[in-house]
Amino acid sequence: MGNRKKQAADTRKEEMKTTYLAKLNNCPTSPRKMRLVADMVRGADIFKALSMLQYTNKEAAIRMEKLLRSAIANWEAKNEGERADEANLYIKEVFVDSGTMLKRIRTAPQGRAHRIRKRSNHVTLVLGSRN
């Protein structure tokens, strides 16, 4: 491995030590529906976001709440001995990307066929601390 490549890899490793994230891949919800929930909690404190997600009447909110709990657990694993409620954590970034799409065919009148696209998404949630 070259010297520049090794230095870049080392800086990336150091960055990841202070980055607290959780990913949800191939979630069987359309990205549009998941983005509604992601926009609702973006920038909020983690406990306020958890309460918002708990009382939101959307199926995507259940998956987002589980992802947020996973990100909090990742933060606690990297910062042993500290508690999340004392750290003043908030949702720094959350973004939803389109995932794989299952394509199906539904019969239509007069010998035609309509395509059904069953969408999925990838969600990435990053936590930060307000100091």
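Taking the conditions exactly as written (in a helix (DSSP H, G or I), aliphatic (A, V, I, L, M) and either on the phi < 0 side of the Ramachandran plot or at pLDDT below 95 (or both)), does Met1 satisfy them or not? Walk me through it before giving the result.
Details: in a helix (DSSP H, G or I): no; aliphatic (A, V, I, L, M): yes; either on the phi < 0 side of the Ramachandran plot or at pLDDT below 95 (or both): yes.
The answer is no for Met1.
State all residues of the range 77-131 that are over 25 Å from Ala38 (Cα atoms) and either touching a residue at least 40 places away in the same chain (Cβ under 8 Å) or in a helix (DSSP H, G or I) (or both); if no residue qualifies, say none.
Pro109, Gln110, Gly111
Can you name every residue in the range 4-27 that is part of a loop (DSSP other than H, G, I, E, B) and exposed (fewer than 12 other Cβ atoms within 10 Å of the Cβ)?
Our first condition is that a residue be part of a loop (DSSP other than H, G, I, E, B); within the range 4-27, this holds for 18-19.
Once the filter is applied, which keeps residues that are part of a loop (DSSP other than H, G, I, E, B) and exposed (fewer than 12 other Cβ atoms within 10 Å of the Cβ), the range 4-27 yields only Thr18.
Conditions first: (1) touching a helix residue (DSSP H, G or I) at 6+ places or on another chain (Cβ under 9 Å); (2) at pLDDT 95 or above. Met101 passes all but one, so which condition is the exception?
(1)
Quickly run through the range 28-42 and pick out the residues that are exposed (fewer than 13 other Cβ atoms within 10 Å of the Cβ) and under 12 Å from the mean Cα position of the chain (by Cα).
Asp39 - this is the single residue of the range 28-42 that is exposed (fewer than 13 other Cβ atoms within 10 Å of the Cβ) and under 12 Å from the mean Cα position of the chain (by Cα).
Tell me which residues, restricted to the range 72-131, are closer than 23 Å to Pro31 by Cα, aliphatic (A, V, I, L, M), surrounded by fewer than 14 Cβ atoms within 10 Å (Cβ to Cβ) and within 23 Å of the chain's Cα centre (by Cα).
Answer for the range 72-131, where residues must be closer than 23 Å to Pro31 by Cα, aliphatic (A, V, I, L, M), surrounded by fewer than 14 Cβ atoms within 10 Å (Cβ to Cβ) and within 23 Å of the chain's Cα centre (by Cα): Met101, Leu102.
Restricted to the range 43-71, and to residues that are closer than 20 Å to Thr29 by Cβ and in contact with a Phe, Trp or Tyr (Cβ under 9 Å, 6 or more places away or on another chain), which residue is surrounded by the fewest Cβ atoms within 10 Å (Cβ to Cβ)?
Initially, the range 43-71 is screened for residues closer than 20 Å to Thr29 by Cβ, giving 49-50, 52-71.
Narrowing further to those that are in contact with a Phe, Trp or Tyr (Cβ under 9 Å, 6 or more places away or on another chain): 49, 61, 71.
Numbers: Ala49: 22, Ala61: 20, Ala71: 22.
Per the criteria, the residue is Ala61.
The values are calculated or read from the model by the stated rules, or taken from the named source; none is laboratory data. Keep in mind the model is a prediction, meaning the values are calculated, not measured. Here the Cβ is made from the backbone with ideal geometry for all residues, glycine too, and neighbour counts use every protein chain on show.
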